[in-house]
1. Considering Cα pairs under 8 angstrom that are at least six residues apart, work out the relative contact order of the chain and quote it in whole percent.
2. How long is the gain from residue 22 to residue 7 if the chain were fully straight, where each residue apart is worth 0.36 nm and the alpha carbon distance is subtracted?
3. Arranged by the count of other C-beta atoms within 10 angstrom, fewest first, what order do 5, 26, 91, 48 take?
4. Can you compute the helix-only [θ] at 222 nm over the chain? Use -39500 (n - 2.57) per DSSP H run of at least 4 residues, normalise by all residues, nearest 500 deg cm²/dmol.
C-alpha cells in the first residue's frame with residue numbers, strides 16, 4: 001500500500017508492506033506521475049512501515065534519485081528497521097541519498 005502527501009514542495013511517499021517485483025512497476029509509475037503533477041522539488045520515501053524490499057525497491061530509489069536530480073531536487077529516505085538500513089547500505093544507496101531515522105530529519109535532509 002502506498003500513500004502520497006505533499007508538504008513544502010516535498011512529495012512524501014509512505015509505503016506499507018513490501019516492495020518487490022510484483023508491485024515495483026506500478027509503484028514507480030505512481031511516483032513519477034505524482035512528481036510530474038505536483039511540481040515538487042524534493043522527494044522523501046517514508047519506509048518506516050515497510051516490511052520487505054528487494055532489488056526492485058533499490059531500482060525505484062535510484063531511478064527517482066536520477067529523476068529528481070534532473071529537476072534540481074533531492075531525495076531522502078526514512079528507514080527504521082535495521083535489516084532495511086543494512087540493505088540500503090550494502091547497495092550503496094546511502095552514497096547518493098540521505099538515510100534518516102525520522103520523517104522530520106528526512107524533511108530537513110531532502
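Values quoted throughout were computed directly from the atomic coordinates according to the rules given, and no laboratory measurement underlies them. The shown structure was predicted, so the numbers you read here are calculated from the model rather than taken from an experiment. Here the Cβ is made from the backbone with ideal geometry for all residues, glycine too, and neighbour counts use every protein chain on show.
1. On the way: 181 pairs, mean separation 28.4, N = 110.
Relative contact order here is 26 percent.
2. Working: separation 15, 0.36 × 15 = 5.40 nm, distance 2.91 nm.
Here the answer is 2.5 nm.
3. Values: 5 13, 26 10, 91 16, 48 19.
Fewest to most other Cβ atoms nearby, the residues stand as 26, 5, 91, 48.
4. Details: 4 runs with 48 residues, N = 110.
After summing the helix terms and dividing by the residues of the chain, the value is -13500 deg cm²/dmol.
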